[in-house]
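Everything on this sheet refers to the single structure shown next.
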DNA sequence: TCCTTGTGTAATTTTTAGAATTACATCACA
DNA sequence: TGTGATGTAATTCTAAAAATTACACAAGGA
């Protein structure tokens, strides 16, 4: 029933990796400073993106790099990496409908059938945006890589 | 950054009104029983839908009725009625990016530009589902109106 | 007319999910 | 082997969602 800020933080990290990854070692501490959230959250997000094959993180010595071209990193890919099957309950449903009422008994399945099409649309939409788009948008701000 | 259960509760209420509104007085107490949530929440949702011109509620004697044909009650209409401009922050964004970092300084605008297209898609998607669809789905379960 | 059964809302408390923090094991390289 | 990283579990803090409480007001019937 929600899309938390994780997805945005992940994009922030990926953008940072793309722009600065070539010239410096990008650690969770550095990303924590840039994003304004704490290193543990960053590491958990980075770990999820590593498992999803988006980046590579070297334990010990530290640092991370992109392992896919930006055009192939869709927002959907990032989203599922950090939120798992989060779209499944994109729209919240009340948890205690009455089993004594015919509508209460069936409301879940009635809603889910139609909500599924919304999820599909959302999935498609998230797939249509890639890291390359964010990079292009970032470059427009005039703050190129150092 | 979220879609709460309000929307689902609202659909539940509208479905109830459509199926039982003709034969009995549908009060917030009754809907609270059916949905499993409390009467104040129901009244607040009903009040919002009344303001949006979807239903009519008679204070005092009690009861509510639909004032639009089900085909014209889109999920988007219900959503905006009960959540206002909720889609604006459908996807959460971290609130404290560093102003010292070029990416931190620009991440909001970079994200929002692309998120806007996702919101547009979501809007369109919610507009494509109507109460009539939910009614049809409900009828399929074999639990027709009494 | 006043009593009952509703609605309309504000204010407060409870609950829950999201995020931060703490703690510590492990890894890689100098 | 010491240092600066990552990897994660466990706990605490915070903020948004929902429930609860309280009470003013509305309409219709006894």
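Return yes when residue B:66 is more than 9 Å from every other protein chain (Cβ to nearest Cβ) and within 16 Å of DNA strand D (Cβ to nearest atom) and no when it is not.
Working: more than 9 Å from every other protein chain (Cβ to nearest Cβ): yes; within 16 Å of DNA strand D (Cβ to nearest atom): no.
Criteria not met by residue B:66.
One line per residue, one yes/no per condition, for (1) within 12 Å of DNA strand C (Cβ to nearest atom); (2) farther than 18 Å from residue B:105 by Cα; (3) loosely packed, with under 13 Cβ neighbours inside 10 Å:
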position	(1), (2), (3)
A:18	no, no, no
A:32	yes, no, no
A:41	yes, yes, no
A:51	no, yes, yes
A:69	no, yes, yes
A:78	no, yes, no
A:81	no, yes, no
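Remark: pairs (first residue in segment A:89-100, more than 7 Å from chain B (Cβ to nearest Cβ); second residue within 12 Å of DNA strand D (Cβ to nearest atom) and in a loop (DSSP other than H, G, I, E, B); Cβ separation under 7 Å; 6+ apart in sequence or on different chains) = A:89/A:1. Here B:92, B:86 are screened, and the one residue that is at pLDDT below 95, near DNA strand C (Cβ under 10 Å from one of its atoms) and surrounded by 16 or more Cβ atoms within 10 Å (Cβ to Cβ) is B:92.
Would you check if residue A:53 is more than 7 Å from chain B (Cβ to nearest Cβ) and touching a helix residue (DSSP H, G or I) at 6+ places or on another chain (Cβ under 9 Å)?
On the way: more than 7 Å from chain B (Cβ to nearest Cβ): yes; touching a helix residue (DSSP H, G or I) at 6+ places or on another chain (Cβ under 9 Å): yes.
Here the answer is yes, as residue A:53 does meet what is asked.
State whether the residues of segment A:58-75 include one that is within 13 Å of the chain's Cα centre (by Cα) and assigned to a strand (DSSP E or B). Scanning segment A:58-75 turns up at least one residue that is within 13 Å of the chain's Cα centre (by Cα) and assigned to a strand (DSSP E or B). Scanning segment A:32-56 for residues that are more than 10 Å from DNA strand D (Cβ to nearest atom) and assigned to a helix (DSSP H, G or I) yields A:33, A:34, A:35.
Residue B:26 meets the stated requirement of being without any contact (Cβ under 8 Å) to a residue 40 or more places away in the chain, in contact with a helix residue (DSSP H, G or I) (Cβ under 6 Å, 6 or more places away or on another chain) and within 11 Å of DNA strand C (Cβ to nearest atom). Picking from residues in segment A:16-31 that are near DNA strand D (Cβ under 9 Å from one of its atoms) and more than 21 Å from residue A:79 (Cβ to Cβ), the one that is nearest to the other protein chains (Cβ to nearest Cβ) is A:30.
The set of residues in segment A:118-137 being closer than 30 Å to residue B:141 by Cβ, more than 7 Å from chain B (Cβ to nearest Cβ) and in contact with a helix residue (DSSP H, G or I) (Cβ under 8 Å, 6 or more places away or on another chain) consists of A:119, A:123, A:124.
The values are calculated or read from the model by the stated rules, or taken from the named source; none is laboratory data. All values reported here derive from a predicted model rather than from experimental measurement. Positions of Cβ are backbone-derived with ideal geometry, glycine not excepted, and every protein chain shown enters the neighbour counts.
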